[in-house]
1. Using amide H atoms built 1.01 Å from N in the peptide plane, name the residues 5+ places from residue 188, or on other chains, whose amide H lies under 5 Å from its own.
2. Add -39500 (n - 2.57) for each DSSP H run of 4 or more in the chain, then divide by its residues: what number comes out at 222 nm, to the nearest 500 deg cm²/dmol?
3. Can you tell me the FRET efficiency between residue 33 and residue 79 if r is taken as the Cβ-Cβ distance and R0 is 22 Å, rounded to the nearest 0.05?
4. Averaging over every viewing direction, what projected area does the convex hull of the Cα atoms of the chain cover, in nm²?
5. How about residue 282: which lysines have a C-alpha closer than 27 Å to its C-alpha, ignoring those fewer than 8 places off in the same chain?
6. Working from the alpha-carbon coordinates of the range 213-273, get Rg over Rh, Rh being the Kirkwood radius.
7. Among 224, 124, 19, whose mean-square fluctuation peaks in a Gaussian network model of the chain (Cα, cutoff 10 Å)?
8. For Cα pairs less than 8 Å apart in space and 6+ apart in sequence, what is the mean separation divided by the residue count of the range 5-131, i.e. the relative contact order in percent?
Amino acid sequence: MAIDLAVVPVAGRGTRLLPLTKSQPKEMLPVGRKPVVQYVVEELVRCGISRILFITGPGKTAIENHFDIDMELIQLLREKGQEELLAELAFEREDVEYFYTRQRRQLGLGHAVLCAEPVVGRQPFVVALGDSIIGLNAQSTVVRLMIEQFQARRAAAVVAFEEVPIEDVVHYGIAKPRDSSSEVFELDDLIEKPEVHEAPSTLAVAARYVFGPAIFDHLRRTPPGKGGEIQLTDAIRSLIAEGGKVLGVRLPPEERRFDIGNFESYFRAFVEFALADPQIGKQLRSHLTQLLH
Ligand code: UTP
């Protein structure tokens, strides 16, 4: 059976982006012309997903509003003769069904995924973090490859990884691969934020996952870790420890992860997307060149 369901957790507080995120979801921050979460949805649709379950929380209704069909706005644009702007709303008509459930307490990413269980049941599903874009303009099809590998190799989970500089391993979950030379590899373990000298590789978890339903059993048994949060990484480790086959898929260099969770990578992402804008990119480039001289 094809996997067509994705869970998109968007309930986090986004404290690293304060004050920007005090009253607006970080998943709605603009990167170039679109909010982050729209790129995530467009990427998922391109990879064959047709049902999206958002795990939302306090202050996140802007996300629900964004994916509604806004007939009033469409009418207004028609009346004002601004038909050309209707193309900007085409995403509203993607062939997707949206579902929403709430994480009533922000107890971490693992807990957010566990909140999906009553809706997901016992079917396999994708998890895509709502604050990360994969590839410039979300052109990545890695999720499609991950789904294929999940099915072909009867895996319990597939996790996307990105090569990071060695000094950055301290910020991420890092893969301990059985054979790291290939694009797809089996995981021996996953080490959360290792010291540089302890890192088993420089492959960092990159915001996309495919899971079988067993992950829920492991999440339920996962005790809260750092900051009282239930970590998804801990549940994946437990899955591996019990003999579950967990695969890693390496992102190709042209499908980098843009993490909108902190100011440095958010600013970088915005500038890169703005420079790639077909209408404004060229002028922006010459403006920036002037500024830099
Ligand atoms: P982060 O790990 O960046 O956590 O979330 P956060 O709480 O949003 O941000 P900080 O650390 O306070 O700055 C990664 C993704 O998981 C979701 C977030 O909304 C984000 O899309 N998330 C995180 C939840 O849905 N629930 C949580 O309890 C935590």
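What follows is calculated from the coordinates using simple rules that are stated; it is not laboratory data. A quick note: this is a predicted structure, and the numbers were derived from the prediction, not measured. In this analysis, Cβ positions are derived from the backbone assuming ideal geometry, glycine residues included, and neighbour counts consider all displayed protein chains.
1. HN-HN under 5 Å from residue 188: 176, 178.
2. Dividing the helical sum by the residues of the chain leaves -9000 deg cm²/dmol.
3. 0.40
4. Result: a mean projected hull area of 17.1 nm².
5. Those lysines meeting the cut-off are 34.
6. On the Cα set of the range 213-273, Rg over Rh gives 1.12.
7. 19
8. Relative CO of the range 5-131 lands at 43 percent.
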